[in-house]
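Written out below as structure tokens is the structure these notes cover.
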Amino acid sequence: VLLDLKKTREELEKAKDIYLNLLKERYVSSNDECIIEVFEDLDTKQISKLASMIVKEAKKEVYLLTYMNDRMHLVITHHKDIDMNAGEIFKKLAKDYDLKGGGNAFMAQGGGIKRIDLIDVLKSIKSK
């Protein structure tokens, strides 16, 4: 039974990696310079990994948000050739949305209590 459980976990991890790669390909091939997306089926590690995968291959700004029950987690990052400061953007959002976390100019992330309206704020950043 333990071997079956271990094998099932390994298969689940492989399936998650396939899913992340499919998502990455979708966003990398998109014409959008800025990716803003909300997930309810990915955890914090997965959206962080996905964001890194995207900016490694494409010149894009990435804002990924995941909701888990009454909590949320935000990842902000960008391709190295884009002039923006993810940490400063996160700090401003953290202040308004009581987010805990941080980062640097390249990548910032953190979480807090679920706020549905944050996605609208992220979309307004994109339009500027």
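The values are calculated or read from the model by the stated rules, or taken from the named source; none is laboratory data. Every value quoted in this text rests on a predicted model; they were computed, and no experiment measured them. Note that each Cβ is placed from the backbone with ideal geometry, even for glycine, and that neighbours are counted across all protein chains shown. Calculation scope for accessible area: heavy atoms of the full protein, side chains included, ligands and nucleic acids excluded. Shrake-Rupley method; radii C 1.70, N 1.55, O 1.52, S 1.80 Å.
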Inset, instruction - Count, please, the residues in segment 70-128 that happen to be within 14 Å of the chain's Cα centre (by Cα) and of a type in the set (Phe, Trp, Tyr). - result: 2
Legend entry - Complete set of residues in segment 75-115 that are touching a residue at least 24 places away in the same chain (Cβ under 8 Å), open to solvent by 20 Å² or more (accessible area, probe 1.4 Å), within 16 Å of Val62 (Cβ to Cβ) and aliphatic (A, V, I, L, M): Ile89, Met107
Inset, instruction - Count, please, the residues in segment 77-93 that happen to be within 10 Å of Asn104 (Cβ to Cβ) and part of a loop (DSSP other than H, G, I, E, B). - result: 1
Legend entry - Residues (part of a helix (DSSP H, G or I), open to solvent by 80 Å² or more (accessible area, probe 1.4 Å) and either of a type in the set (Gly, Ala, Ser) or free of Cβ contacts under 8 Å to residues at least 12 places away in the same chain (or both)) located in segment 10-49: Glu10, Glu11, Leu12, Glu13, Lys14, Ile18, Tyr19, Leu22, Glu25, Arg26, Lys45
